[in-house]
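Here is the structure we will look at, set down as structure tokens.
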Amino acid sequence: MHIYSIHIENFRAIRFLDIEDLSSSIVIAGPNGCGKSSIFDAIRLLKSAYGQYQRNEYQQFFQEFQINIKQLHREGKRVFHDPERPLLIEACFKLTEKEREYLQENSWGLLQKIAWAQDIRVLSTDMILEDLDDDPVTSRTRQPVDHEKA
């Protein structure tokens, strides 16, 4: 699999970047501060958000830049080229025939793993909320959770 095209807007040093028809090997060159590393950081952010190999990989991305994701509205200048505009990162990937065959043959098992991981996250969240309900300090300030509506 390789990246066929990438579109980045408003990320670190990049105001706008649109590259298509990428080959399997590319060279990115330019002067210091022009955004070369920002291209790779954007790809990594996209990968962290959608294809995590590690738990909390998305949060780890921001931690490496010493950015508190809960304070992103304050620290946006370190992530966005223009903090007043939204961030956009899009990529299209090209699969080899062998990769397509693998996905077709194993898609059900892969989807089960994803669904199972999401169920575990939901259960973990419910358990945390139940622990908060049992805590006399937090139970006074929290609204009860209706699990049937959730």
Nearest-0.05 FRET efficiency for Q71 and Y50, computed from C-beta distance (R0 25 Å):
0.60
Full-extension gain between E101 and L88, please, as 0.36 nm times their residue separation minus the C-alpha to C-alpha distance.
1.6 nm
Going by average Cβ density within 10 Å per residue, which order do the peptides 104-110, 23-29, 89-95, 4-10 take, highest to lowest?
4-10, 89-95, 104-110, 23-29
Checking the cross-link filter: which lysines have an alpha carbon closer than 19 Å to that of K47, excluding same-chain neighbours under 8 positions apart?
K36, K94, K113
How far apart, in nm, are two points set 7 Å out from the Cα along the Cα-to-Cβ line at L17 and at K113?
3.0
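Coordinate-derived values only; no laboratory data. Treat the numbers as computed from the prediction; the structure is a model and nothing was measured. No Cβ is skipped: glycine too gets one built from the backbone with ideal geometry, and neighbour counts run over all protein chains shown.
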